Amino acid sequence: MKLSEVMKKHIETTDPKADPWKVGIKVHTRTDANRVLHSQESFDRYAEWHGDPEVVYDAEYKVYRVPAFKAERDRYCAAKAESCRRWGSN
């Protein structure tokens, strides 16, 4: 399913008076971070950087994973781990 479809459904079914940070959806980025999307505006900003990827929901971690980003995320995590090993992770 495309992220835009998930976001549309989320916006349509979420109470507009709810705290947006508590009802947002978590989505993978190309790094080891996740983004919380809670409005059309936050989706639009995400889409500027990452496009409208296919997503798969991971119920255990409550995050939408982006399979297309896996190789890039793995490389980023490996490089970050090497940097932490070399320079310390204070």
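The values are calculated or read from the model by the stated rules, or taken from the named source; none is laboratory data. If you're wondering where the values come from, they're calculated on a predicted model, not measured in any experiment. Here Cβ is always computed from backbone atoms with ideal geometry, including for glycine, and neighbour counts include all displayed protein chains.
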Complete set of residues in the range 58-78 that are surrounded by 11 or more Cβ atoms within 10 Å (Cβ to Cβ) and free of Cβ contacts under 8 Å to residues at least 24 places away in the same chain: Asp58, Pro67, Ala68, Lys70, Asp74, Arg75
Segments classed as helices (runs of 4 or more DSSP H), wholly inside the range 1-56, with at least 3 members that are of a type in the set (Phe, Trp, Tyr): 40-50
Residue list for the range 2-60, restricted to those being modelled with pLDDT of 90 or more and either on the phi > 0 side of the Ramachandran plot or of a type in the set (Asp, Glu) (or both): Glu5, Asp32, Glu41, Asp44, Glu48, Gly51, Asp52, Glu54, Asp58, Glu60
Positions within the range 57-90 being within 20 Å of Val27 (Cβ to Cβ), aliphatic (A, V, I, L, M) and either part of a loop (DSSP other than H, G, I, E, B) or out of contact with any strand residue (DSSP E or B) (no Cβ under 6 Å at 6 or more places or on another chain) (or both), in sequence order: Ala59, Val66, Ala68, Ala71
Flag if Ser42 is touching a helix residue (DSSP H, G or I) at 6+ places or on another chain (Cβ under 9 Å), surrounded by 14 or more Cβ atoms within 10 Å (Cβ to Cβ) and of a type in the set (S, T, N, Q): yes
